[in-house]
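Trainee: One structure, as structure tokens, below. Some questions next.
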Amino acid sequence: MKGVPVRVEVGPKDVEKGSVAVARPDVPGRAGKSFVPQAGLTEHLEALLAEIQTALYERALRFREERTADVSNYDELKAQIEKGFARAYWAGTTEDEQRIQDEIRATIRCIPLDQPGGGGTCVYTGKPATQQVIFARAY
């Protein structure tokens, strides 16, 4: 979403009625517009901003999950990075990550908090690994 998260419109007729028009730019058409009494505007905006925050977070989470695939070796990592994000076990060093960046322009973007139990094999070094990381390209 670009621009303002909520647009509040107050016209002469709205003033007469004691209401304001509140529009969400991320919801097209009339569905994104509502009329709110001036007296309850603050509470309405607080609830609306919380709803927008939740919607943006869920959209970003869906976007990430739809474009993330688990990879188990370096060839799979190279192929997946062309499509989006790659989740892989990692036991490499900073120098290993730099070599990956030099070769396929991908870096470790984050270490997810929700780590799976057990372990796996490092996607780059082949060493035993206990944590997964997310690889992606920065643009």
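Trainee: Please go through region 46-83 and pick out each residue that is surrounded by 14 or more Cβ atoms within 10 Å (Cβ to Cβ), at pLDDT below 95 and of a type outside the set (V, I, T).
Mentor: Of everything in region 46-83, those that are surrounded by 14 or more Cβ atoms within 10 Å (Cβ to Cβ), at pLDDT below 95 and of a type outside the set (V, I, T) turn out to be L48, A55, R64.
Trainee: Within region 2-45, track down each residue that is surrounded by 13 or more Cβ atoms within 10 Å (Cβ to Cβ) and among the hydroxyl-bearing types (S, T, Y).
Mentor: S19, S34
Trainee: Which one is surrounded by the fewest Cβ atoms within 10 Å (Cβ to Cβ), of the residues in region 120-132 that are part of a strand (DSSP E or B) and out of contact with any Cys (no Cβ under 7 Å at 6 or more places or on another chain)?
Mentor: Step one: filter region 120-132 for residues part of a strand (DSSP E or B), giving 120-121, 128-129, 131-132.
Filter once more, so that each one left must be out of contact with any Cys (no Cβ under 7 Å at 6 or more places or on another chain): 120-121, 128, 131-132.
On the way: G120: 17, T121: 15, P128: 11, Q131: 14, Q132: 18.
Step by step, filter region 120-132, then rank; the result is P128.
Let's see how each residue does on (1) in the same structural domain as Q132 (by TED's automatic domain parsing); (2) over 25 Å from the mean Cα position of the chain (by Cα):
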site: R24; (1), (2): no, no
site: H44; (1), (2): no, yes
site: L48; (1), (2): no, no
site: A55; (1), (2): no, no
site: N73; (1), (2): yes, yes
site: E76; (1), (2): yes, no
site: E82; (1), (2): yes, no
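Trainee: Among the strands (runs of 3 or more DSSP E) contained in region 61-119, which hold 1 or more residues that are of a type in the set (S, T, N, Q) and under 11 Å from I134 (Cβ atoms)?
Mentor: Values: elements: 68-70, 85-90, 107-110.
Hits in region 61-119: 68-70, 107-110.
Trainee: For region 43-51, state whether one or more residues are in contact (Cβ under 8 Å) with a residue 24 or more places away in the chain, out of contact with any His (no Cβ under 8 Å at 6 or more places or on another chain) and over 16 Å from V4 (Cα atoms). Quick ask: steps written out before the conclusion?
Mentor: Narrowing region 43-51 to residues in contact (Cβ under 8 Å) with a residue 24 or more places away in the chain: 45, 48-49.
Still in the list and also out of contact with any His (no Cβ under 8 Å at 6 or more places or on another chain): 45, 48-49.
Remaining after also requiring over 16 Å from V4 (Cα atoms): none.
The answer is no; no qualifying residue exists.
Trainee: Return yes or no: is A69 among the aliphatic types (A, V, I, L, M), farther than 16 Å from D114 by Cβ, in contact with a Phe, Trp or Tyr (Cβ under 8 Å, 6 or more places away or on another chain) and without any contact (Cβ under 8 Å) to a residue 24 or more places away in the chain?
Mentor: Numbers: among the aliphatic types (A, V, I, L, M): yes; farther than 16 Å from D114 by Cβ: yes; in contact with a Phe, Trp or Tyr (Cβ under 8 Å, 6 or more places away or on another chain): yes; without any contact (Cβ under 8 Å) to a residue 24 or more places away in the chain: yes.
Judged against the criteria, A69 is a match.
The values are calculated or read from the model by the stated rules, or taken from the named source; none is laboratory data. Remember, predicted model here, so these are calculated numbers, not experimental data. All Cβ positions, glycine included, derive from the backbone under ideal geometry; neighbour counts span all protein chains shown.
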